[in-house]
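Single-structure report; data block below.
Derivation of every value follows stated rules applied to the coordinates shown; laboratory data play no part. Here the structure is a predicted model, which is why all the values come from computation and not from measurement. Positions of Cβ are generated from backbone atoms using ideal geometry, with glycine treated the same way; all protein chains shown enter the neighbour counts.
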Amino acid sequence: MKQLSQRLFGPLTLTAMGVNLVLGLWIVPPDKVQGELARLVYIHPSVAWVALYVSFGTAAISSALYLWKRTRSVVMDRVAHCAMEVSVVFIALTLITGSIWGRPAWGVWWVWDARLTSSAILGVLALGYLALRRANDDPQLRARRSAVFGVLIAINVPIIHFSVQWWKTLHQGATVFTSNRTLLIHGIQAWTLLISFIAFTMLFFWILRYRYRLEVLRENIAGASLEEALSARRREGAQS
Amino acid sequence: MIRTALLVCAKDLRIEMRSRVLLWQVLPFGVMALLLCGIALGPARAGNSSAGPGLFYLVTLLVALLMINRSQSVEKTPGTKASVATLGLDPAGVFLGKSLALASELWVTGVILLAGSVLVLHTSLHGAILALPSVIVTLAALAVAGTLYGALTSGGDGAATLLPVLALPAFAPLLIAGERSFSAALHHGGIWRWWLILSVALVVYSAIGILLYGVLEES
Amino acid sequence: MIRTALLVCAKDLRIEMRSRVLLWQVLPFGVMALLLCGIALGPARAGNSSAGPGLFYLVTLLVALLMINRSQSVEKTPGTKASVATLGLDPAGVFLGKSLALASELWVTGVILLAGSVLVLHTSLHGAILALPSVIVTLAALAVAGTLYGALTSGGDGAATLLPVLALPAFAPLLIAGERSFSAALHHGGIWRWWLILSVALVVYSAIGILLYGVLEES
Amino acid sequence: MTNAVTPTVDLRSAVVLSGGFPLLSGVDLQLLPGSLTVITGVNGAGKTSLLRLLAGLVALSDGNGTVAGIDLKNGDLRELRRRVGWLGHEGSFYDDLTVRENLTFAAKALDRPLIEIERALQRVGLSNRIDTVTKKLSAGQRRRLALSWLLIRRPEIWLLDEPYASLDDEARTFFDALIADVVRSGATVVLSAHDKLRSEALQPRTIVLGGGRIVSES
Amino acid sequence: MTNAVTPTVDLRSAVVLSGGFPLLSGVDLQLLPGSLTVITGVNGAGKTSLLRLLAGLVALSDGNGTVAGIDLKNGDLRELRRRVGWLGHEGSFYDDLTVRENLTFAAKALDRPLIEIERALQRVGLSNRIDTVTKKLSAGQRRRLALSWLLIRRPEIWLLDEPYASLDDEARTFFDALIADVVRSGATVVLSAHDKLRSEALQPRTIVLGGGRIVSES
Ligand code: HEM
Ligand SMILES: Nc1ncnc2c1ncn2[C@@H]1O[C@H](COP(=O)(O)OP(=O)(O)OP(=O)(O)O)[C@@H](O)[C@H]1O
Ligand SMILES: Nc1ncnc2c1ncn2[C@@H]1O[C@H](COP(=O)(O)OP(=O)(O)OP(=O)(O)O)[C@@H](O)[C@H]1O
Ligand SMILES: [Mg+2]
Ligand SMILES: [Mg+2]
């Protein structure tokens, strides 16, 4: 059962992405105000959602699980690491799609806006996480430190989100939902949007799984060379 | 925990007193940076008093980074680390003690920079006095978060450069909240909301530090 | 002198390559500082493109301070200092080599930050390209002066904090000239005058370094 | 276990890695309370690494181990560190504090009476430098300071990395007497050395390391 | 001067102060080329300070002195440093470079052929660590690296601060042979030590320091 669902995950993700693209790029009619440009709405918000919440959430939860003594395991450390790496990619995509959208929509690549600024800050934080990993080469110390940082980042996500809003806001806010959660867009547009969120979330986990496997492979290779290193080291003693 | 905190705090402050880095280096740096910010913005904008709070916090942040770095470098030498580790100090106490020492130093610096920004950036004196409580809370939160991030980045390769990378984004919200409350004080707005937010940040960071500092120090 | 310079420069760049501090730490720091400056100023002012050159140089200066610090800390450990001293390297060569390495790193950072300020601070792309030559000269001057000041402050107590105190006032004129020439480039004004001033500064600092670096290193 | 006394140190094919390189490549070692062990071996054999492992300063990468009843893999390393005394190659303590301030900090952290400080400094012969800033001390004086600090703590496990280095004759004689005394009182002492121990009274077990593991023993 | 050979080291009531404290309180010392001198003395006697003075690493505060014909007060200390070989307590070289890169840097700075690097490493027994980053080396391996470096340089004056510390037996034997060889070739060697020199072949002059000056001599 588990096997099957795992095997189906990839094709399902691809299908969802395909449906999303077909619907978003061809089926849905162009927007009244923004025209063809509005099709970015089926990519950009969902990419951003993954970048900010799904990936950081995954990393934060696995970091917290690592810190909790009873669930401490190398798996959690790996998941956190891989999620954060994928997150960097998604944040970059958010910034790129957003800027592409912003150039025609606002006339500039960048504005000093709450969303934009906080996305950029989170991008730097994710890079910081990776830099922190690089700076420590003892695996356990690295795991502990990055787990603490992973948790700290998680707290930062809402703080940054709100702080930047307190600071100033000017951006495109609730276009899809109003503050009282009533849907503003309807029909096929709403469905396509929903599908895009699901599709990108699935895409994230799909990539994460492959990234994780890659990590395990890399560690296995390291383990194999470990045997070699051990016997080389032992020979050193025999020589003298 | 409290005893350890006081012990560690006293030790850090004594080292500071002996080396006088705060007096002779950090403070001049702060004043200098304040002037430079003025220059970078050009006279028209810098004279504009509304930039005051932002610049004040920007400079304070830079000063804080220097001080966090120093607070950690004291513990960093390999020999010291090992022998202090065998003391088995309560990590929560160490965390609080180092935070407290850092906070005291930041308060001193903050008050002087506040005076500086009244003089250099034409911030109103009355507003600065009103902002003082919020500045104190902000700096305390900065000290607590700084100790945490300092421990996170200490020791590794190029620790001195890693700290700002990790800390700047994390401290940005504190900076913003501090700046807002300062501006609110200048315009006689309600500063209680900011006060509250900052206090929550202070408590949250302290709690995390008390819980997790031990994990960071472990090895 | 030239051979020594190349040798030292290659050594510094190799250490940099190995630790990758520039890529992983200094650059993110720069980007973050750019964002923070924007935040500290508030959207209205930061969006205003005329603040671009000033902020660009402010951030570059902060980045440069980090990099100068690192460039010196490599030489600083007591053992290293003594054994490198017994190599009898030509101090003028050491000075030029370290400056060159620092300049290369600053150039990389500078170009990226320039791109960042086009994106983030709405500096005009055309202006930024026009400003590039002056940025290169300014950064070279900064590297040369920074090496000089780095050697001046290295080793002593709390060197990391002493450097900015001494260097900031010295770098302020460079910063101002750089900012002026950048602004001139943006407004299609004559940048030659600033170019000339910056080149003179570069030459003067280089000359001082070549003559006096030996005195600084002696002990 | 047939032995009635539980060993203080019990390593089973202990491996310690650093960046993929095995500092220790499989060490089996049992030490009883009240024993004195000298680790020797060529440069780079792994002596320092072994001592650091026992002190809880580096993590065990593979194999098993307990020290003072604390598991090196899942146990509380902080508790372990509290129970060992460590003397390393490098200087200890805060460089900017004086000898007295450093020891006061340590004594307070451990709830020891301050009077012991002066007594310990007297014993190691450092009383005349009590108010000197630690970074100004000579190499041997730093070692003496570290020793005085162990005197105050009297830990159950003493881990000493090349303790004789930089010590003058007087200090070495004192050190030998101290170790004899400590071992008699039931503590476990492990030290690394390139020289023979000088005191005839000490009858150490000698372990020779090579290539990160034990190659011979006597 | 009645002596035909000019001494390499000539100190006349040399005083070195550090923050008001006299590290050396009046040292008179003459050393001839081709001589081997061992400095001993209790911890804090001033051995390290004396060696640092001779290497041009600290300034002479009072008295007079020349080393290798260079006046310690007004002479060119950089030129002096270029002519001495120094081995200190602390590690040498850039921690982030590998053994090979460090030695290559030094060899290029001195215009020596790179082939000598491998030869020197072979002699000190460090060839198997040629591509290891220096900061990962063990204490003794760092010492060996510093020695290999002196081998490449072959300076006229060797100043060695506790050279035996951390070296294993093999390295000590090598070191003794090296020193005998160096002295025979006419260089001046000064080293500090707490142990007796082991090699019978070496006939050093021994100077005992105490309180910053020479208290006896043999
Ligand atoms: C660099 C530029 C941009 C960045 C970094 C950015 C970032 C983000 C982020 C992080 C979100 C997710 C917010 C959340 O789920 O809480 C988002 C949502 C969104 N963005 Fe952007 N954005 C950018 C430019 C734009 C532009 C130019 C437009 C349109 C003119 C736009 C329209 C939207 C819309 C419609 C949403 C969904 C809003 C919602 O569901 O509440 N964005 N953006
Ligand atoms: N990344 C690495 N690559 C290769 N070798 C390494 C690496 N890290 C450590 N080493 C080696 O591991 C060993 C560490 O040994 P350790 O410091 O325990 O030796 P030791 O027995 O204390 O030696 P000494 O007598 O010189 O103090 C050294 O041989 C060192 O070169
Ligand atoms: N500011 C100071 N105040 C008091 N004493 C000082 C000060 N600075 C240095 N000293 C003393 O000067 C002496 C320096 O001696 P040095 O390092 O030359 O000793 P050494 O003979 O090499 O000793 P060791 O055998 O321990 O290496 C030490 O006794 C040290 O305590
Ligand atoms: Mg060792
Ligand atoms: Mg000495």
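Less than 5 angstrom separates the built amide H of E:V215 from those of E:V208, E:L209, E:G210, all sequence-distant by 5 or more or on a different chain. If you model the range E:1-104 as an ellipsoid using its alpha carbon gyration tensor, with each semi-axis the square root of five times an eigenvalue, the axes come out at 25, 18, 14 Å, biggest first.
In terms of the Cα gyration tensor, with a ≥ b ≥ c the square roots of its eigenvalues, is the range B:66-154 rounded because a/c is under 1.5, prolate because a/b exceeds b/c, or oblate? Cα axes put the range B:66-154 in the prolate bin. In chain D, taking the dipole from charged Cβ atoms about the Cα centre, the farthest positive-side position among D:S49, D:T37, D:L145 is held by D:L145. What helices in chain D pass both tests, a Cα length along the helix axis of 18 Å or more and a mean Kyte hydropathy of -1.0 or higher, using whole DSSP H runs? Result, helices passing both filters: D:139-153, D:169-184.
The C-alpha atoms of the range D:61-209 occupy a region whose extents along the principal axes are 46, 36, 27 Å, arranged from largest to smallest. Across the range A:205-210, coupling constants 3J(HN,Hα) worked out from phi with the 6.51/-1.76/1.60 Karplus curve, θ = phi - 60°, read 5, 5, 4, 4, 5, 5 Hz, and Gly and Pro carry x.
What Kirkwood hydrodynamic radius do you get for the protein assembly as shown when you take the inverse of the mean 1/r over all pairs of distinct Cα atoms, in Å? Don't skip to the end; give the middle numbers.
Working: mean 1/r = 0.0313 Å⁻¹.
Averaging 1/r across every pair of different Cα atoms and inverting gives 32.0 Å.
Placing +1 on the Cβ of every Lys and Arg and -1 on the Cβ of every Asp and Glu, with nothing else charged, gives chain B a dipole about its Cα centre of roughly 300 debye.
Could you work out [θ]222 nm for the protein assembly as shown from helices alone, using -39500 (n - 2.57) per DSSP H run of at least four and dividing by all its residues? Round to the nearest 500 deg cm²/dmol. Let's see the in-between values first.
Numbers: 35 runs with 682 residues, N = 1114.
So the helix-based figure for the protein assembly as shown works out to -21000 deg cm²/dmol.
Legend: mean number of C-beta atoms from other chains within 10 angstrom of residue C-beta atoms, peptide D:151-161, equals 1. Exposure proxy shown here: for D:K135, D:K196, D:K47, B:K11, the number of other Cβ atoms within 10 Å sets the order, fewest to most, as D:K196, D:K135, B:K11, D:K47. Protection proxy ranking of E:103-109, A:231-237, by the mean of other Cβ atoms within 10 Å over each peptide's residues and highest first, is E:103-109, A:231-237. Between B:A82, B:L125, B:V108, the Cα set farthest toward the positive side of the dipole of the range B:2-218 (charges on each charged residue's Cβ, about the Cα centre) is that of B:L125. Sequentially through the range B:2-14, phi angles give Karplus couplings (6.51, -1.76, 1.60; θ = phi - 60°) of 5, 4, 4, 4, 5, 4, 5, 4, 4, 4, 4, 5, 5 Hz, Gly and Pro residues having no value and appearing as x. A simple rule links phi to the HN-Hα coupling: the Karplus curve 6.51 cos²θ - 1.76 cosθ + 1.60 with θ = phi - 60°, which for the range B:93-110 gives x, 4, 4, 5, x, 5, 4, 4, 4, 5, 4, 4, 5, 5, 4, 4, 4, x Hz, with x for Gly and Pro.
Database remark: amide H of D:G85 closer than 5 angstrom to the amide H of D:I157, D:W158, D:L159 (H placed geometrically; neighbours at sequence offset of 5 or more, or on other chains; Pro and chain starts carry no H).
For the residues of C:83-96, the average number of beta carbons from a partner chain within 10 Å of their own beta carbon is 6.
Close amide H pairs (under 5 Å, H built 1.01 Å from N) link E:L23 with E:V16, E:L17, E:S18, residues at least 5 positions away or on another chain. The Cα-based radius of gyration and maximum Cα-Cα distance (Dmax) for chain B are 17.5, 57 Å. Under a model in which nothing but the beta-carbon of Lys, Arg (+1) and Asp, Glu (-1) is charged, the protein assembly as shown shows a dipole of about 1560 debye around its Cα centre.
Summing +1 for each Lys or Arg and -1 for each Asp or Glu among the other residues whose beta-carbon sits under 11 angstrom from that of D:F174 gives -2.
Across the residues of A:144-152, average count of Cβ atoms on other protein chains within 10 Å?
6
Put the Cα centre of the range B:9-26 next to the Cα centre of the range D:112-144 and the gap is 23 Å.
In the structure displayed, which of E:K47/E:K196; C:K76/D:K136; B:K76/C:K98; C:K11/E:K108; B:K98/D:K108 lie more than 22 Å apart, Cα to Cα?
Working: E:K47/E:K196 15 Å; C:K76/D:K136 18 Å; B:K76/C:K98 27 Å; C:K11/E:K108 11 Å; B:K98/D:K108 16 Å.
Over 22 Å Cα-Cα: B:K76/C:K98.
Taking the Cα centre of the range E:9-217 as the origin and placing charges on Cβ (Lys, Arg +1; Asp, Glu -1), which of E:A68, E:L197, E:Y94 is farthest toward the positive end of the dipole? Farthest towards the positive pole: E:Y94. Dipole magnitude for the range D:9-217: about 200 debye, using +1 per Lys or Arg Cβ and -1 per Asp or Glu Cβ, origin at the Cα centre.
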